[in-house]
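Novice: This is the structure I have questions about; it appears just below.
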Amino acid sequence: MLNFIAKPTTRICMNTGVERSEFWESAFNEKGEMWGLEPAKSAIVTKDFFLDKSLKNILIPGIGYGRNAKVFYDAGMKVTGIEISQTAIEMAKKHYGDTLTIYHSSVTDMPYDTTLYDGIFCYALIHLLDEEERRKLINDCYNQLSANGYMVFTAVSKKASTFGQGKFISKDRYEIFDGVNMFFYDRESITAEFGKTGLFEIMEITENYPFYLIKCSKSTAHK
């Protein structure tokens, strides 16, 4: 069933003072299903990878209204999500009824349960966080992987046309529009941030931005 599990949201201010929870609540209220219903290429690639590894229990931090959850759900996987916007959760309910568990809060407050997941898929979220938050998210996800679990992140590349535009915040991080700071990755920064959590493959994939698809394995990290 679609369980809405509320936990007080960490209300972390973005660069303009607009809190993340309010920013995304406003965005989903105004734009609805702003990315459409078709899953991202990264979600399809990851679903096939998870199927090949026979993964069954999947966590999606930043699940939104569930467009990327569908490929995993339709493949017979159990999907749990985390989402900061109640409006997005309500939209997900229209598509999935009572078949998903979604924790209503921020990914920066993980973990929300003691479950160890076979797979974790985090799409286009990590680059919106600051350095400390990125480190925490990577470690929190890694810590919730089962012994042979895998986690896959997508992150925007420095090859994006928006790299270097907007207000400079810190190295490779810019305010690209009001309220949204974005960190742009290259292979060096991926290795630096994911290298201790079983990083074993970095792929390039083009969505609305050029992205990296970052694969990590719990078993790889133990070798």
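The values are calculated or read from the model by the stated rules, or taken from the named source; none is laboratory data. Computed from a predicted model, the values in this text were never measured in an experiment. In this analysis, Cβ positions are derived from the backbone assuming ideal geometry, glycine residues included, and neighbour counts consider all displayed protein chains.
Novice: Considering only residues that are at pLDDT 90 or above and in a strand (DSSP E or B), look in segment 104-135 and name the one that is surrounded by the fewest Cβ atoms within 10 Å (Cβ to Cβ).
Specialist: Out of the qualifying residues, it is 118.
Novice: Would you mention how many residues in segment 184-206 are β-branched (Val, Ile, Thr) and closer than 15 Å to residue 136 by Cα?
Specialist: Counting residues in segment 184-206 that are β-branched (Val, Ile, Thr) and closer than 15 Å to residue 136 by Cα gives 2.
Novice: Hey, another quick one. Criterion first (among the small types (Gly, Ala, Ser), surrounded by 21 or more Cβ atoms within 10 Å (Cβ to Cβ) and touching a helix residue (DSSP H, G or I) at 6+ places or on another chain (Cβ under 8 Å)) does residue 149 satisfy it?
Specialist: When the stated conditions are applied, residue 149 passes them.
Novice: Scan (1) among the hydrophobic types (A, V, I, L, M, F, W, C); (2) out of contact with any helix residue (DSSP H, G or I) (no Cβ under 7 Å at 6 or more places or on another chain); (3) buried (at least 17 other Cβ atoms within 10 Å of the Cβ) for the single condition residue 199 breaks and write down its number.
Specialist: (2)
Novice: Considering segment 180-196 alone, what residues qualify as being touching a residue at least 12 places away in the same chain (Cβ under 8 Å) and either surrounded by fewer than 19 Cβ atoms within 10 Å (Cβ to Cβ) or aliphatic (A, V, I, L, M) (or both)?
Specialist: Selection gives 180, 182, 186, 187, 189, 190, 196.
Novice: Continuing with this model, one more query. Which of the residues that make up segment 128-139 are without any contact (Cβ under 8 Å) to a residue 60 or more places away in the chain and under 21 Å from residue 66 (Cβ atoms)?
Specialist: 128
Novice: Out of segment 72-100, which residues are modelled with pLDDT of 90 or more and more than 12 Å from the chain's Cα centre (by Cα)?
Specialist: Result: 72, 73, 74, 75, 76, 77, 78, 79, 80.
Novice: Might you let me know whether segment 61-71 holds any residue that is part of a strand (DSSP E or B) and more than 14 Å from the chain's Cα centre (by Cα)?
Specialist: No.
Novice: Here's a follow-up. Scan segment 153-172 residue by residue and report those that are in contact (Cβ under 8 Å) with a residue 12 or more places away in the chain and among the charged types (D, E, K, R).
Specialist: 158, 159, 167, 172
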